[in-house]
Structures are given as C-alpha cells and as structure tokens.
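Asks: Below you will find the structure I want to go over with you.
The values are calculated or read from the model by the stated rules, or taken from the named source; none is laboratory data. None of the values given here were measured: they were computed from a predicted structure. Note that each Cβ is placed from the backbone with ideal geometry, even for glycine, and that neighbours are counted across all protein chains shown. Surface accessibility is based on the protein's heavy atoms, side chains included, excluding ligands, DNA and RNA. Shrake-Rupley method; radii C 1.70, N 1.55, O 1.52, S 1.80 Å.
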Amino acid sequence: MINIVLFGPPGAGKGTQAEHLKEKYNLKHISTGDLFRYNIKNQTELGLLAKSYIDKGALVPDEVTIKMLNAKVEQHLESKGFIFDGFPRTEAQAVSLNELMASKNSQINAMIALEVDDEILVNRLLKRGKTSGRKDDANEDIIRNRIKVYYNETEVLKEFYKKENKYYGVDGVGSISEITDRISKVIDTL
Ligand code: ADP
C-alpha cells in the first residue's frame, strides 16, 4: 500500500490535487470535509453534530472525526492505498491514523504539504464560495478563522511527520498540472 497525507491550509488545493492523484496512482481518496458535507446534506446524526462546528470554521471533535475516518478506511481495504485529505488535523488524529495503519500492517508513507500564502488562500476561498454553496467559504471572518485554526492546531503536524522523516513540502502556487507534477515527483520516490 501507498498511503499519503495531503496536507495544507484551507484553500491550498488538496481536494483538487487528490482528484488527479487518485486516478494517476489508483488510490482511494478520503476527504473528511467531503464526508462531513455528505452527512450534513443527508441530515444524519453525525451531520447535524458536525455542522455546528463547521459553520463556525472550528474543528469537529476528534472522537467523532476519527470514528468516521476509521469506518471509511475499513470499507476500502481492497484499495492500493489512500490519499488522506483534511485528516489528520490534530496530533490525536495523527496518532490514531498511525495506529490504524499499523493494525492493517501498513503505514503512512508521506505527508505532502502544499505551501500557499495566506492572502492567496483567502482569495481562493472567497472565489470558491461564490459557486460552492459552502457556508464556511461565504464569509471572510469564517475563512480567516479556519486559517487561524490551521496555524494553531494543525500546522504542528508538520513536526510530527518530520520526526518520522515523512515530511515533504511542495509549492502550491502554479497551474493545477504543474502542482500535480511536483507532487508526483515526491510520490515517485517513495
Ligand atoms: P478546507 O480544508 O478547505 O477548510 P475541508 O473540506 O477539508 O475544507 O473541511 C471543512 C471543515 O470540516 C473544517 O473547517 C472542519 O470544521 C471540518 N473538518 C474536516 N476535517 C476535519 C478533521 N480532520 N478534524 C476536525 N474537523 C474537520
């Protein structure tokens, strides 16, 4: 298995790149944000709970997120590997993901972090908000809160994966295909 954590702040382009990479490398793409939005749309209990956090730009509690992620991985054990997009976002999630992979006799091979300046992120998200219908993209204060949450709670994970020698930074500014090429160069060395 090849398992990749695609990392970066909101608006860095993780979802877009994951869509290309999953085809190229035949991996299963799991986006926790997409899973939450699916649950919100279908008004499940999980969706109702998650919505109150997501609409504010806060993180959904670890316990809920980890359980959802584990269940999704269990459903796709036949796959050649996973691209994790939006997970882990906290150290507890990263520890849990390592445990999950180990329980499958596998591991995370790399964290690939997309690097994009904050002001570019805000502009990208405001633009996406015009068509995505996402409440958390519609308001600049909520967008800035998500970026703040990223720096306060999530960015430390770079250190977590650096310690495991699994961290790879990639410039996330350029055309979609240029960035896919940059990420592919990393994956091809794994
Ligand atoms: P983006 O990265 O563009 O902010 P996502 O679709 O990845 O968008 O996530 C949207 C929201 O879903 C986050 O702001 C957060 O509230 C929630 N969420 C997604 N993944 C996680 C996670 N791993 N832990 C906690 N909350 C999460």
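Asks: I'd like the full set of residues that are open to solvent by less than 30 Å² (accessible area, probe 1.4 Å) and either near the ligand (Cβ under 7 Å from one of its atoms) or hydroxyl-bearing (Ser, Thr, Tyr) (or both), limited to region 21-49.
Replies: Correct list: Ser31, Thr32, Gly33, Phe36.
Asks: Ala58: closer than 20 Å to Met111 by Cα and modelled with pLDDT of 95 or more, yes or no?
Replies: Working: closer than 20 Å to Met111 by Cα: no; modelled with pLDDT of 95 or more: yes.
Judged against the criteria, Ala58 is not a match.
Asks: With the requirement that a residue be more than 13 Å from the chain's Cα centre (by Cα) and not polar (S, T, N, Q), what does region 29-53 give you?
Replies: Step one: of region 29-53, the residues more than 13 Å from the chain's Cα centre (by Cα) are 37-53.
Arg37, Tyr38, Ile40, Lys41, Glu45, Leu46, Gly47, Leu48, Leu49, Ala50, Lys51, Tyr53, listed by residue number.
Asks: I've got another one for you. May I ask you to say which residue of Val5, Val95, Val60, Val73 is near the ligand (Cβ under 10 Å from one of its atoms) and β-branched (Val, Ile, Thr)? Can you show your working first?
Replies: Working: Val5 fails: near the ligand (Cβ under 10 Å from one of its atoms); Val95 fails: near the ligand (Cβ under 10 Å from one of its atoms); Val73 fails: near the ligand (Cβ under 10 Å from one of its atoms).
None of the other options fit; the residue is Val60.
Asks: Please pick out the residue among Asn123, Asn109, Asn145, Asn165 that is at pLDDT 95 or above, more than 28 Å from Leu190 (Cβ to Cβ) and more than 13 Å from the ligand (Cβ to nearest atom). Reasoning before the result, please.
Replies: On the way: Asn109 fails: more than 28 Å from Leu190 (Cβ to Cβ); Asn145 fails: more than 13 Å from the ligand (Cβ to nearest atom); Asn165 fails: more than 28 Å from Leu190 (Cβ to Cβ).
After ruling out the rest, the residue left standing is Asn123.
Asks: Could you look through region 67-86, keep only residues that are assigned to a helix (DSSP H, G or I) and within 26 Å of Asn152 (Cα to Cα), and pick out the one that is most open to solvent (accessible area, probe 1.4 Å)?
Replies: Going residue by residue through region 67-86, those that are assigned to a helix (DSSP H, G or I) are 67-75.
If we keep only those that are within 26 Å of Asn152 (Cα to Cα) as well, we get 67-70.
Working: Lys67: 153, Met68: 23, Leu69: 1, Asn70: 45 Å².
Among residues in region 67-86 that are assigned to a helix (DSSP H, G or I) and within 26 Å of Asn152 (Cα to Cα), the one most open to solvent (accessible area, probe 1.4 Å) is Lys67.
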